[in-house]
Structures are given as C-alpha cells and as structure tokens.
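Working notes for the structure below.
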C-alpha cells in the first residue's frame, strides 16, 4: 500500500512540474535552463556548436539571472566571463571560447561580438540596480566606454555600431547586423555614459531597422551592407531573415511602444494560414524554409504579437512554444529566446 501511494505521489509531483513548464511558469524553465546549459564553473554551453561558449551566451545568462533574482548564478556566470574571455587589451570580450585544434580549451577567436559586450554591460547595470554593488556598475562603464570608443562608425551623418572590432569594413562600406541593436541597453547607457552619443545611436538604429527590411515579407535581414547611400542585403552572407534577425523583434518588444517592421503582420498572417513559422525566409528570392522554427522563435513572435495588440494569437503562440520547448533540451539559443521573451 505504501509503495502504491509513493508511486502516486511521485507521479503527482512529476505532473505538477510538467504543468508548470507547459503553462509557461518561467521559474521552472529557468531551472531547466540552468540544469541543461550552465556548467558548474559558470559558462553557458552551446551544444549545437561543439560545446563552445560565447560572450553573447554569457550576457544572456547574466540577464536571465537578474530577471529571476538568482545572484549566486549571476556571480558564477560573471566570474567565468572575467576569468576566461576578458582577455583583450581593451574592455571588450573575446567572443568565442571552446576546444582548440590542439585539444586544449580556451579562447578560439579573440575578436569581440558587440552584442555580447552590450549584453554583459547591460546585465551588470541591471544587477547593480537589483543587488547594489559599485563593482558591477564601474565595470559596466568601462565596457560601455570601450564599445563607444572602438566600435562606433559614422555613415552619411548617422551613428551606428560595428558588429565587431575586426572584419566589418570594406573600403567605404560597412557590414552591420540589425539583431545586435539592443534598444533598452542604449537607453540605459545614455543615463550613465555619453547621453548625446547613445541617444543618437538609439534614434539612428531605429532608422536602420526600418531600412533593413526586404522582400515581399518586409522582414529584417540577418546582415546588411551600407554602401554609398544605400542599405542592401549583404552579398557576403545568406540573404535571410532567420537565426540572427529574430532578435530584432525580441529587442523591439522590450520597448514600451515598439515600431515593428511591416513584416511582423505578414509573418503572423502566414502563421495563421500555414500553421507554422518558417525557420528562415530568403529575402532575395521571396521563398521560405519548410522547416519549422524552434520554440524560441514562437515565443518571440508571441511577445511581439502581444505588444501589437494580438492578445489571442499571442497566447496561442506562447502555448505552442511552451509545449515544444522541452522536446529539445540541447538548444540553448531557443531556451534563451523563450525566457527573454516572457514578461
């Protein structure tokens, strides 16, 4: 009798845990994220890319730790970040850490990724608000200053940030990544660093998003080229809306009154008609992938739909995202998007 009751109790507890995840109770998913992707020493692991870690992933993890009031994990993530990828002469971070050809583990690319630097600085400032500690803020100020001094470029009177220190300037042309634009971070930086600079970057980056949408779907591109007076699809990259540009909708949805690209309505209409969100859209050839996007994409579109006033559709998309999320416990990026898209 006791064994039967024990089994019933175990099943009951298990079902409660699953229901919390499926119903979108974020703390349960945060616990799942920590268990799946955060190592004991504090690095966020990207299993689909050879178990590497990125400055971006560390920044996402730190932001999420603040969101869920998890100071122990925040400090662990931040300590690993300082110990392993704060290796440059400036205050930017090496963007990629993983297994080297020799078999040892360490930094494998010393170039920075601007979104990683911004996410880490933004997370430090959010942490300083939540757990006051001047070391967080002072360090963030050094990172922000280095971003401004090393990565800013002017183009036809506009102020933008390069995606990284090396590799994105071609004579008088610039390669930019619209998904590296994190508007809420720019607003926060403007309060403590160079207000005029960050307000201009914010305003000009809004224009860049508007000018970086192509094809009949009018979706933002993963990568664009600034040449002369033109903004076009980058001819050195695939002409896609996909893995990168999904974050354009995420970061815009963090704004109080976001100005979404026209493509949001078109993509939501496509979902209603086809029953799925494509993994990518080819903006040069007006074609889409027949492969379903991961649940993190669904969560981002759910948040954007909610902000756009599509409450019923938003709930449907979040429900589908929640139900599918636990089927792939190796996709750190999808988990990040899901958690970051939740209110």
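Where a number appears in this text, it was derived from the coordinates with a stated rule and is not lab data. Small disclaimer: the values here were computed from a predicted structure and weren't measured. Here the Cβ is made from the backbone with ideal geometry for all residues, glycine too, and neighbour counts use every protein chain on show.
Tell me, what is the FRET efficiency for residue 326 and residue 172 to the nearest 0.05, using R0 = 56 angstrom and their Cβ-Cβ distance as r? Once the sixth-power term is evaluated, E becomes 0.70. Estimated at 0.36 nm per residue, the fully extended path between residue 36 and residue 265 surpasses their Cα-Cα distance by 79.0 nm.
Given Cα pairs under 8 Å that are at least 6 residues apart, what percent is the relative contact order of segment 243-343? Once divided by the residue count of segment 243-343, the mean separation gives 27 percent.
For the pair residue 211 and residue 184, the difference between a 0.36 nm per residue extended length and the Cα-Cα distance amounts to 7.7 nm.
Residues of segment 237-269 with the amide nitrogen closer than 14 Å to a label point 7 Å from the Cα of residue 218, along Cα-to-Cβ, please. Counting only backbone N, you get 259-269.
Model label points for residue 254 and residue 235, set 7 angstrom from Cα along the Cα-to-Cβ axis, are 3.4 nm apart. Look at the alpha carbon pairs under 8 Å that are at least 6 residues apart: their mean separation over the length of the chain gives a relative contact order of 14 percent. Here the sum of -39500 (n - 2.57) over DSSP H runs of 4 or more residues, divided by the residues of the chain, equals -17000 deg cm²/dmol at 222 nm, to the nearest 500.
Below 8 Å between Cα atoms, with a sequence gap of 6+, how large is the relative contact order for segment 207-256 in percent? 29 percent. Computing Cα extents along the principal axes in Å for the structure here picks out one of (i) 64, 48, 38; (ii) 68, 60, 35; (iii) 79, 49, 43, namely (iii).
If you plug the beta carbon distance of residue 197 and residue 274 into 1/(1 + (r/R0)^6) with R0 = 51 Å, you get a FRET efficiency near 0.75.
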